[in-house]
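Since the structure comes first, as C-alpha cells, the remarks are kept for the end.
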Amino acid sequence: VSGLFGLLGQTSNTLAAQSYGLDVTGQNLANINTAGYSRRVVTFGAVPPADSSVSAGGGVEVLYVTAIRNAIYDRRLFQELPHSGRENAIVDALSVVEASLGTSGGSIDKSLANFFDAWATLADNPTSPVARATVLSQAQALATDFNNMAARLDTSAQDTDRQIRTSVDTINSLTTQIASINAKLASVSEGGKATLKDQQTELIKQLAGLATVQVVEQNDGTVQISMEKGQALVIGENAYALGITDEPLTGKALITSGGQDITSQITAGAIGGLLNVRDTLIPSYKTQLDELAYGIVTQVNTLHDAGYTLAGVDAPNFFTPLGAAAGAASLMSVNAAVAADTTLIAAAGVAASPGDNTTATSLAALRNALTMNGGKATFADSWGKLVSGVGQDSKTAQAELTSRTEVITQIDNLRDSVSGVNLDEETANMMKFQTGYEANARFFTTVNQLLDTLMGLGA
Amino acid sequence: MRVTFQSTFKNGLYYSNNAAAQVQKRSLEVGSGLKVTKASDNPTAMAAIINEKTQMANIDSYIKAADSVESRLSVVDSVLSDIINQITVAQTNGVAGRTTVLTATQRDALATAIEGSRDTMLSAIKTKFSDAYLFSGGQSLTAPYTDGTTYYGDANVASLTISDGRTVQTTFDGGAIIGDLFDTLTTLATAVRAGNLGTVDTALATLDAGFDRVQVAQTHVGVDLSRLEEDQSRLDSLRLASDKRRAFNEEANMAESISGLKQSEAAQDAALSMLSVAGRLKLLDYLK
C-alpha cells in the first residue's frame with residue numbers, strides 16, 4: 001500500500017512538472033512579439049530510485065529552464081549596429097540638407113541665371129531705368145537666396161547639434177538602466193536572470209546604435225561597457241554619464257567623459273554620423289557656398305568698380321565688399337547706395353558715355369567666365385559641384401546603410417533562428433506537455449483505482 | 001535552420017517596405033516624368049542637369065539679345081534706306097537745278113525740295129529705339145543733331161554679345177555716317193536757288209561721297225542682319241541639343257518607368273502575399 005501511496009505523490013510531482021512545461025510554453029507564446037526575448041526551454045530529468053529496492057524510479061523533476069541564446073550573434077550585432085546607426089544618421093540629416101538646396105533650375109542656379117540675364121538686358125538698354133531696376137531686384141534676390149541657403153545650412157547644423165545632445169542623454173539613460181540590471185542580476189532567480197539578460201541585450205543594442213561600445217560580459221551575467229577608446233560607461237552597478245559642454249566660440253555640443261573632451265573619438269553610431277554631418281559635411285558645404293558667394297561679390301565688384309554710372313562718374317562697389325570668404329553667403333548684400341539709386345549701376349565702361357554698355361556686357365559675360373576653382377569653373381559649375389557633392393555624400397551613405405542593414409537583417413535572422421519563438425514548435429510543445437499531463441493524470445486515476453480496489457478487499 | 005514567426009514577419013516586412021519604396025520611386029517617375037528629382041538620385045546626372053540648364057539659360061539670353069539686335073538693326077536699316085532715298089532725291093533735284101534755263105521760281109522749288117530732303121534726313125537720324133538714340137554713339141540720351149551742323153554724339157558705339165565670341169554693333173556714330181551731308185545739302189539748295197552751277201557741281205560731288213558713306217554703313221548693317229539669321233538658327237540648334245542632353249539625364253523613360261512600376265507593384269504584392277501565407281500556415285490551424 002505504501003508503494004501505491006508513494007506513486008500518488010510521485011505522480012502529483014510529475015503533473016506539476018508537465019504543468020511547468022506548459023507554463024514555459026505559455027511564457028514563450030506570450031513573448032512571441034517581445035523584442036530581444038530569448039525562448040525558454042525546460043529540461044526535465046528522471047528522478048532516480050530512492051534506494052536500491054526494485055523501484056523503477058522517482059518520476060520526473062524540472063532540472064532547469066534555459067534561455068536559448070548565442071552570444072556570438074549578439075556580439076556581431078553590437079559590432080554592426082554602430083555602423084548602420086552612423087549611416088542612418090547621415091542619410092536622415094543629409095536628406096534635409098539636400099531638400100534645402102532646392103531643385104535643379106529652381107535654386108541659386110536660377111537666381112544666378114536671372115542675375116546675369118538682367119545684366120544682358122541692361123547691356124541691350126544701358127540707359128533704361130527698367131533694366132536697371134531689374135538688375136537691382138535680381139541682385140537682391142540672388143543675395144537673399146545665398147543668405148537663406150546659408151541660414152538653412154546653419155539650421156541643419158543646429159538641428160544636428162540638438163540631436164547629438166539628445167543622443168547623449170539617451171546614452172546616459174541606457175547606461176543607467178544597464179547598471180541597474182547589473183545590480184539586480186546578483187539577486188534574482190535563474191528565471192528572472194534570463195529576463196534581465198534579454199533586457200540587457202536590448203539596451204546594449206540600442207546603445208551600440210548610438211556609439212561604438214566595448215562590452216565585456218562577466219561570469220555573473222553583468223556587463224562592463226566602455227566607449228571605443230576605453231572611457232567607462234558601466235562598471236558593475238555604476239553608470240558613468242557622458243557630459244555635454246558648449247564650445248566657447250560656436251556653442252556646439254562637445255561630448256565629455258570624466259571631464260575629458262572625447263568628441264573627436266566618436267566616429268561611429270548615430271552620434272558619430274551626426275558629428276560627421278555637423279563638423280565635416282555641413283561646414284564643407286558652407287565653405288563651398290561661401291566661396292561661391294565671395295567669388296560672385298568679388299568678381300562683380302571688380303568689374304563694376306571699373307565702370308561708370310549713368311551720370312558718367314566712377315561707379316561704387318555693386319555688392320557690399322567682403323573681407324574674406326568665410327561667412328560670405330550670410331553677409332552677401334547689394335551696396336546700400338546702389339540699392340537706393342539705380343543710376344549708380346555701371347553699364348558703361350567709358351566715362352560720360354551713358355549709351356556705352358561695355359561694363360554691363362562684361363558683367364553679363366561673367367556667367368561663362370572660369371573664375372572659380374583656380375580658373376577652372378564657372379559660378380554655375382561651382383553650384384553644380386556643391387549640389388552633386390551633397391547628393392554623392394547622401395547616396396554613398398544610403399548605399400552603405402543598405403549594405404549594413406542587410407548584414408544586420410541576416411545576423412538578426414540567425415539570432416532569431418536560435419533564440420526566437422517558433423509558433424509551431426511551441427504548439428507542439430503545448431501538445432506534448434498536455435499529453436504528458438493527461439497520461440500522468442490517467443496514471444494517477446489508475447493508481448487511485450488500485451487503492452480503491454485494495455481498500456475494498458477488507459470490506 | 002529554425003524559422004520563427006518573428007523573422008518571417010520581419011523579413012516579409014523588410015521586403016514589402018523595399019518593394020513599396022520602389023513603387024513610390026517609380027510612381028514619382030511616372031507622375032513627374034523625371035527620373036532625377038534630387039541630387040542623391042544620381043549625383044553625376046544632377047551636375048550635368050544643372051550645367052545644361054545653365055547653358056540653356058545662357059542660350060536663351062543670347063536668343064533674346066539676337067532678337068533685340070534684329071529689331072534694332074531693322075530700324076537702322078530702314079533709317080539708312082530713308083537717308084539714301086533722300087540723298088538720291090536731293091541728287092536728282094540738284095542735277096535738275098544745274099542749268100541756266102530755269103526760272104527763279106523753278107530754282108526756288110528745287111532748292112526747297114533739297115531742303116526738304118535734308119530735313120527728312122535730319123529727322124531720320126534722330127530715330128530712337130527703346131528711348132535711346134541709335135545714331136549718337138555712346139551719347140544715346142542726346143539727339144545726334146539738332147540743327148544739322150553740329151554732331152552731339154560720339155564715336156563710342158555699343159555692341160551686344162549674341163553668342164560666345166560674337167558681337168553685333170547696336171548703336172552708330174551718326175557723325176561718321178552723315179559727315180557733312182547736312183551742310184552739303186544746305187549749300188546745294190543755296191547754290192540751286194542762286195543758279196551758281198559751279199557750287200552745285202561741287203556740292204553734288206560731295207553728296208556722292210556722302211551717299212557712298214551711308215551705303216557702306218547700310219551694307220554693314222545688312223551683312224549683320226543676314227548673319228543674324230544664321231546665328232539665331234545656330235542658337236536654336238544649340239538649345240535643342242542642350243535640352244536633349246538635359247532630358248537624357250533628367251527625364252524618365254516612360255516605357256521603362258511604367259514597366260518598372262508594374263514590376264515593383266508585383267514585387268510588393270508578392271511580399272504581402274508571402275506575409276499573409278506565413279501568417280496562415282500554423283500548426284494551430286490544423287489542431288482545431
### Query
Which members of region A:406-450 meet the condition of being of a type in the set (S, T, N, Q) and closer than 21 Å to A:L4 by Cβ?
A:N440, A:T445, A:T446, A:N448, A:Q449
### Task
Name the one entry in A:F443, A:F433 that is more than 8 Å from chain B (Cβ to nearest Cβ), open to solvent by less than 40 Å² (accessible area, probe 1.4 Å) and either within 30 Å of B:F172 (Cβ to Cβ) or among the aromatic types (F, W, Y) (or both).
A:F433
### Task
Note down all Cβ pairs under 6 Å where the first residue falls in region A:228-245 and is open to solvent by 50 Å² or more (accessible area, probe 1.4 Å), the second is hydroxyl-bearing (S, T, Y), and they're at least six residues apart or on different chains.
A:E228/A:T212; A:T245/A:T256
### Query
How about region A:379-392: which of its residues are out of contact with any Leu (no Cβ under 6 Å at 6 or more places or on another chain) and not hydrophobic (A, V, I, L, M, F, W, C)?
A:D381, A:G384, A:K385, A:S388, A:G389, A:G391, A:Q392
### Task
Just need a number here: residues in region B:95-138 that are surrounded by fewer than 21 Cβ atoms within 10 Å (Cβ to Cβ) and assigned to a strand (DSSP E or B).
2
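A quick yes/no check of all residues on (1) without any contact (Cβ under 8 Å) to a residue 40 or more places away in the chain; (2) open to solvent by 40 Å² or more (accessible area, probe 1.4 Å):
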position	(1), (2)
B:K10	yes, yes
B:L13	no, yes
B:V30	no, yes
B:V36	no, no
B:M56	no, no
B:I59	no, no
B:V69	no, no
### Summary
B:S257 passes all but one of the listed conditions (1) over 19 Å from B:G33 (Cβ atoms); (2) part of a helix (DSSP H, G or I); (3) at pLDDT below 95; the exception is number (1)
### Task
Look at B:V23 and say whether it is more than 10 Å from chain A (Cβ to nearest Cβ) and either more than 30 Å from B:S264 (Cα to Cα) or within 24 Å of the chain's Cα centre (by Cα) (or both).
no
## Note on the structure
Within region B:161-193, the count of residues that are among the small types (G, A, S) and loosely packed, with under 15 Cβ neighbours inside 10 Å comes to 1
### Message
Need pairs with beta-carbon distance below 9 Å; first residue more than 14 Å from A:M149 (Cα to Cα) and more than 9 Å from every other protein chain (Cβ to nearest Cβ) and within region A:100-118, second hydroxyl-bearing (S, T, Y) and assigned to a loop (DSSP other than H, G, I, E, B); sequence gap 6+ or separate chains.
### Response
none
#### Entry: All positions within region A:253-292 that are touching a strand residue (DSSP E or B) at 6+ places or on another chain (Cβ under 8 Å), at pLDDT 95 or above and of a type in the set (D, E, K, R)
A:E291
### Message
Can you find a residue that is at pLDDT below 95, polar (S, T, N, Q) and within 30 Å of A:R404 (Cα to Cα) anywhere in region A:107-124?
### Response
no
### Query
Residues A:A351, A:A326, A:A337: which one is in contact (Cβ under 8 Å) with a residue 24 or more places away in the chain, more than 19 Å from B:S159 (Cβ to Cβ) and either in a loop (DSSP other than H, G, I, E, B) or away from chain B (no Cβ under 14 Å) (or both)?
A:A326
## Note on the structure
For B:T142, the lone unmet condition from (1) within 30 Å of B:N58 (Cα to Cα); (2) open to solvent by less than 60 Å² (accessible area, probe 1.4 Å); (3) within 9 Å of chain A (Cβ to nearest Cβ) is (1)
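The values are calculated or read from the model by the stated rules, or taken from the named source; none is laboratory data. These figures come from a predicted structure and were not determined experimentally. Glycine gets a Cβ as well: all are built from the backbone with ideal geometry, and neighbour counts include every protein chain shown. What goes into the accessible areas is simple: the full protein's heavy atoms, side chains included, and nothing from ligands, DNA or RNA. Shrake-Rupley method; radii C 1.70, N 1.55, O 1.52, S 1.80 Å.
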